[in-house]
Amino acid sequence: NAGVTQTPKFRILKIGQSMTLQCTQDMNHNYMYWYRQDPGMGLKLIYYSVGAGITDKGEVPNGYNVSRSTTEDFPLRLELAAPSQTSVYFCASKSANEQFFGPGTRLTVL
Amino acid sequence: AQSVTQLGSHVSVSEGALVLLRCNYSSSVPPYLFWYVQYPNQGLQLLLKYTTGATLVKGINGFEAEFKKSETSFHLTKPSAHMSDAAEYFCAVRPPGGSYIPTFGRGTSLIVHP
C-alpha cells in the first residue's frame, strides 16, 4: 500500500493564479481531510469528506474548494491564490481511530 | 467544544534524559486523546492514543502517555531521549462518536542535545 500520496511536493504560485493539490489514498477509507500547517499554529482543518460525493467545511475554508467524486481522490482547489495561502498542506484519511497523513505540499504564493 | 493546549512550543533535553511533553485539554465529554509525531519534511504519524480502558497507554518508540481525567491532561513521556526523537509532537482531542474531527494542539518541538 502506498497510503496517502500528495502531488506536487513543492509549488510556487503568483498572486491570482489557480492550482489543484492532488491527494489519493489506496486504503479504501471513507473519511478524508485537508489541513494547512503554519509555523507555531498546529493544523487547521480546511475541508473534509465522509465519503464520495459528500464534503463539508472545516475551520478555514475560505479561498479553497474541494470535490470527492471517488473514494480514492480528494483534490483541493485554490482559485485565486493569495500570499495568505502560503503554507504546507496535508491530506489525510481515517481508519477507525487513526488518521494517516500524506507527506505534504509546500506552497508559496508570491 | 473542545480545545488542546500544549505547554511549551520548544522542549530541549539531553540524550538519555527524560522526555516530558505536556498536553491539557478541554472537552464537555470524556474525550479520545492522541499524540502524533512529525519528523522534518514529513506528514504526521500516530504515536499513541487513548480511547477507553487503561489510562496508561504505550506507543511506538518507547513513548507512553497517561490520561488523567481529574487534571484534564495527557502528557507524553519517554524515560530516555534518543537523538532520533527530535521532531514536532502534536496532541489531539476529539469527542467519542459523531463526525471524526479532531482538534490539534499547536505542537511542541523536541530538541535533543548530544
* Give the residues of region A:23-55 that are assigned to a strand (DSSP E or B) and without any contact (Cβ under 8 Å) to a residue 24 or more places away in the chain, sorted by residue number. => A:Lys44, A:Leu45, A:Tyr48, A:Val50, A:Gly51, A:Ile54, A:Thr55
* Any residue in region B:73-90 that's away from chain A (no Cβ under 14 Å) and touching a residue at least 40 places away in the same chain (Cβ under 8 Å): show its pairings with residues that are open to solvent by 50 Å² or more (accessible area, probe 1.4 Å) and in a helix (DSSP H, G or I) at Cβ separation under 9 Å, as long as the two are six or more apart or on different chains. => B:Lys78/B:Asn61; B:His82/B:Asn61; B:Asp85/B:Asn61
* Filter region B:42-72 down to residues that are open to solvent by less than 60 Å² (accessible area, probe 1.4 Å) and of a type in the set (S, T, N, Q) and give me whichever is farthest from the other protein chains (Cβ to nearest Cβ). => B:Thr72
* Does B:Gly16 count as farther than 28 Å from A:Thr5 by Cα and of a type outside the set (Ser, Thr, Tyr)? -> yes
* Go through (1) within 11 Å of chain A (Cβ to nearest Cβ); (2) in contact (Cβ under 8 Å) with a residue 60 or more places away in the chain; (3) within 12 Å of the chain's Cα centre (by Cα) and name the single condition B:Ser9 misses. => (3)
* So which residues in region A:90-104 are farther than 19 Å from B:Thr51 by Cβ and surrounded by fewer than 22 Cβ atoms within 10 Å (Cβ to Cβ)? -> A:Pro103
* In region B:91-107, what count of residues is obtained for those that are open to solvent by 40 Å² or more (accessible area, probe 1.4 Å), of a type outside the set (Val, Ile, Thr) and free of Cβ contacts under 8 Å to residues at least 12 places away in the same chain? -> 3
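The values are calculated or read from the model by the stated rules, or taken from the named source; none is laboratory data. This one's a predicted model, so the numbers in the text were calculated from it and none came from an experiment. Using ideal geometry, Cβ is built from the backbone for each residue, glycine included, and neighbour counts are taken over all protein chains shown. Calculation scope for accessible area: heavy atoms of the full protein, side chains included, ligands and nucleic acids excluded. Shrake-Rupley method; radii C 1.70, N 1.55, O 1.52, S 1.80 Å.
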